[in-house]
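Visitor: After the structure tokens below, expect a handful of questions from me.
The values are calculated or read from the model by the stated rules, or taken from the named source; none is laboratory data. Note that the structure is predicted; figures quoted are calculated from it, not measured. Cβ coordinates were reconstructed from backbone atoms using ideal geometry, including for glycine residues, and neighbour counts include every protein chain displayed. Areas reflect the complete protein model, heavy atoms only, side chains present, ligands, DNA and RNA absent. Shrake-Rupley method; radii C 1.70, N 1.55, O 1.52, S 1.80 Å.
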Amino acid sequence: MPSRFLRRDPSQARSRALVDAVLGAFDAMLTHDDRDVTIERLVERAGVGIGSFYEYFTNKDSLVGALVERATRDNFAALLARFDAAASLDLDAATRALATAVVETYLRYPRRTRVLLGGIGRLGLMPIVFAEQQRFATELAGRALRYVPATPIVELEAAMGQVVDAAIGVLVAELYRSPRPLDEVSLAITRQSLAILEYVLPRSARTARER
């Protein structure tokens, strides 16, 4: 899908590789380099010319916006894959596995997540990100239905929407406080998520696969 933050659509294989190299270098610098990201250092790391950079990106904000788009899509796809990998478990165990994956994805490299969050607010991307969150919750509910097939999908979608919103609240709070061990945060999100599901699904249904 073309990005609204690129000067033009990288339709050729070479141009797509260039954009991928720039975004990959930017992502790596946010996760593994404490220094400020400058365009000069970025293009050097990406192995592209400064002219090629400006052929597709306007400035650093366009770079952040394009990475927000890509990271949101890729992160949610990876989290759904992690939930799918827990298909042989019961819903409680799958929820714990997903909570661990969420914490690893967003808190392992907090600087990266803070930069992306700042970009979401500054560039007015909340409607887009919110729509992606809703889509993620809907897809999550569809996958969770395998554990509780008798549950109305509308109720399951509403519950998963609350689970996603609550987890985001925990993550944002953690990003701006003294860091805690990731397993503690994962446990907090797990307990919170299971408490929400408790209102919709009886424990006997959620853990039916244990028997």
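Visitor: With Cβ to Cβ distances under 15 Å as the rule, what net charge do the other residues near GLU55 carry (K, R +1; D, E -1)?
Guide: Net charge around GLU55: +2.
Visitor: Once you've got the GNM for the chain with C-alpha springs shorter than 10 Å, pick whichever of SER193, SER62, SER178 has the biggest mean-square fluctuation.
Guide: The residue with the greatest mean-square fluctuation here is SER178.
Visitor: A further question follows. Could you please state how large a percent of the accessible area of the chain is carbon and sulfur, counting protein chains only and using a 1.4 Å probe? Numbers along the way, then the final one.
Guide: Working: 6050 of 10990 Å².
With neighbouring chains kept in place, the figure for the chain is 55 percent.
Visitor: Please give the net charge around LEU42, taking every other residue with its beta carbon less than 14 angstrom from that of LEU42, where Lys and Arg add +1 and Asp and Glu add -1.
Guide: Working: positive: ARG35, ARG41, ARG45, LYS60; negative: ASP20, ASP27, ASP33, ASP36, GLU40, GLU44, ASP61.
Here the count lands on -3.
Visitor: Here's something else I'd like to know. What is the extension gain from ILE50 to GLN12, computed as 0.36 nm multiplied by their sequence separation minus the C-alpha to C-alpha distance, in nm to one decimal? Spell out each step's value before the answer.
Guide: Values: separation 38, 0.36 × 38 = 13.68 nm, distance 1.91 nm.
This chain segment gains 11.8 nm when fully extended.
Visitor: What's the center-to-center distance, using Cα atoms, between the stretch 1-31 and the stretch 50-107 in Å?
Guide: Here the answer is 16 Å between Cα centres.
Visitor: Can you list the residues of the stretch 60-87 with backbone N under 19 Å from a point 7 Å past the Cα of ALA131, pointing along Cα to Cβ?
Guide: Within reach of a label on ALA131, which here means backbone N under 19 Å from a point 7 Å along Cα→Cβ, the stretch 60-87 contributes 65-77.
Visitor: Same structure, new question: Below 14 angstrom from the Cβ of MET126, what's the summed charge of the other residues (Lys, Arg +1; Asp, Glu -1)?
Guide: Working: positive: ARG122; negative: GLU69, GLU132, ASP165.
Net of charged neighbours comes to -2.
Visitor: Only one of the values [x] 46, 38, 35; [y] 74, 37, 31; [z] 62, 39, 29 was calculated from this structure for Cα extents along the principal axes in Å; name its label.
Guide: Calculated Cα extents along the principal axes in Å: the matching label is [z].
Visitor: Then there's this: Could you give each residue of the stretch 191-198 its phi-based ³J(HN,Hα) in whole Hz, using Karplus coefficients 6.51, -1.76, 1.60 with θ = phi - 60°, and x for Gly or Pro?
Guide: Whole-Hz 3J(HN,Hα) from phi for the stretch 191-198: 4, 5, 5, 5, 5, 5, 5, 4.
Visitor: Another question about this same structure. For a test of the definition: using alpha carbon positions, the gyration tensor, and the 1.5 limit on a/c, classify the stretch 99-201 as rounded, prolate or oblate.
Guide: On the way: a/c = 2.61, a/b = 1.45, b/c = 1.80.
Oblate is the answer for the stretch 99-201, as a/c is 1.5 or above yet b/c matches or exceeds a/b.
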